[in-house]
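Single-structure report; data block below.
The values are calculated or read from the model by the stated rules, or taken from the named source; none is laboratory data. It should be emphasised that the depicted structure is a prediction, and the values quoted were computed from it without experimental measurement. Counting neighbours? That spans all protein chains shown, and the Cβs are built from the backbone with ideal geometry, glycine included.
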Amino acid sequence: MNISNNGLITLREREGARHKAYKDTKGIWTIGVGHTGPEVVEGLVWTDEQIDAQLRKDVSIAENGILNSVKIGLTPNQFDALVSFVFNVGVGAFQRSTMLKKLNLGDIVGATAEFDKWHIPPEITSRRNSEKLQFAGA
């Protein structure tokens, strides 16, 4: 299973995309949709095509983390929402989460409620609410 085109567009809107390399809040050079790595240096500029190509590669890490962890079937909306969530919090955090435990027990209502526990920092509340609605199929 892969993120849908609509899911990818939504994730990009949530994250934002930057064409020019910048230092993130931790002082790490970043470009595109949150991409970091040794190739990201001051002065680097990407086209939309480069941003989209790298985003697809970076998203595959979240996709694989979900596919290797979730033991139940997911709807496309649920998968897209989880990819957005895992892309943001990281595979390791997801794999240690109560959300994953509840999912694997088949507790979809409980797993959906877990999005509310990830409103840190507070500026991310609207993103989490959006992911929760997407996960619920709204």
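Here are a few things to note about the model shown:
- First in the range 45-56 and at pLDDT 95 or above, second anywhere and surrounded by 13 or more Cβ atoms within 10 Å (Cβ to Cβ) and assigned to a loop (DSSP other than H, G, I, E, B), Cβ under 7 Å, 6 or more apart: 51/17; 51/33; 55/33
- Of everything in the range 13-29 that is without any contact (Cβ under 8 Å) to a residue 24 or more places away in the chain and under 16 Å from the mean Cα position of the chain (by Cα), the residue that is surrounded by the most Cβ atoms within 10 Å (Cβ to Cβ) is 13.
- For residue 10: the one exception among (1) at pLDDT 95 or above; (2) surrounded by fewer than 16 Cβ atoms within 10 Å (Cβ to Cβ); (3) of a type in the set (S, T, N, Q): (2)
- Residue in the range 78-85 that is over 17 Å from residue 135 (Cα atoms), under 19 Å from the mean Cα position of the chain (by Cα) and surrounded by 13 or more Cβ atoms within 10 Å (Cβ to Cβ) present: no
- Set 44, 55: member being on the phi < 0 side of the Ramachandran plot and in contact with a His (Cβ under 8 Å, 6 or more places away or on another chain): 55
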